[in-house]
1. Take peptides 32-44, 96-108 and line them up by average Cβ neighbours within 10 Å, highest first, as a rough protection proxy.
2. Heavy atoms only, 1.4 Å probe, whole protein assembly: order 63, 87, 158 by accessible area, highest first.
3. Full-extension gain between residue 163 and residue 71, please, as 0.36 nm times their residue separation minus the C-alpha to C-alpha distance.
4. Heads up, I need the accessible area for residue 46: 1.4 angstrom probe, whole protein in place, Å², nearest 10.
5. What does the accessible area of residue 23 come to, in Å² to the nearest 10, when a probe of 1.4 Å is used?
6. Which residues does a label at residue 112 reach in the stretch 24-64, if reach means a backbone N under 12 Å from a point 7 Å past the Cα toward the Cβ?
7. In what order, largest first, do 72, 162 sit by accessible area if the probe radius is 1.4 Å?
8. Of 130, 89, 14, which has the most accessible area and how do the rest follow, probe 1.4 Å?
Amino acid sequence: MINLLNVTFQEEYKRLDKLCADCFSGTEGVSEYIRQMEATPLQDREYAIGFDNDYKQLKHMRWIRNCLAHEVGSMEADICTDDDLDWVKGFYERIRTGTDPLTQIHKAKIKTTHHYQYNQSKIHYEQHQKTQKTQQQQNTSQHSYYIEDDTQPKQSLWSRIVSFIKALFS
């Protein structure tokens, strides 16, 4: 007699497989998800809590599914457990809500990139502000000798010559 838990597991696994296939725009769902996990650099795996556990569990769930699909008499045997079924359902929901390992890594990398870009922009802005302030101070000090002259009307050349000649005879 067919084990109802095995049938339910297989149906839930198909849902998960379809969701993964849709996420990767392909035909291989869970297998592609596993390949993507395997291709994830070690330093990026730190962004996803429980990455290694999820990887091992996902591979185990695929193994159970393959046993149910390909081994003779497996549908009558006690191949999967309630915990296996719960894990598949839970992982499906984690993908839907964006809390699965690959999505966590993707979000963290985007956040890190934006944070880096923000810091670079902030540094650039602060350097620009500092440069402008320095230039303003330089301009002020260069033109400080004009400030006294600017308060009085500027004399014409003729007026300055006359003033010079008067100063010679006084």
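1. Working: 32-44: 13.8, 96-108: 16.3.
Top of the packing list down: 96-108, 32-44.
2. These residues rank, largest area first, as 158, 63, 87.
3. 21.6 nm
4. 150
5. The accessible area of residue 23 comes to roughly 80 Å².
6. Under 12 Å, as judged by backbone N against the label point of residue 112, lie 41-48 of the stretch 24-64.
7. Values: 72 150, 162 50 Å².
Result, largest first: 72, 162.
8. Per-residue accessible area, sorted high to low, gives 130, 14, 89.
The values are calculated or read from the model by the stated rules, or taken from the named source; none is laboratory data. Keep in mind that what you see is a predicted model, and the values were worked out from it rather than measured. Here the Cβ is made from the backbone with ideal geometry for all residues, glycine too, and neighbour counts use every protein chain on show. SASA here: full protein model, heavy atoms, side chains in, ligands and nucleic acids out. Shrake-Rupley method; radii C 1.70, N 1.55, O 1.52, S 1.80 Å.
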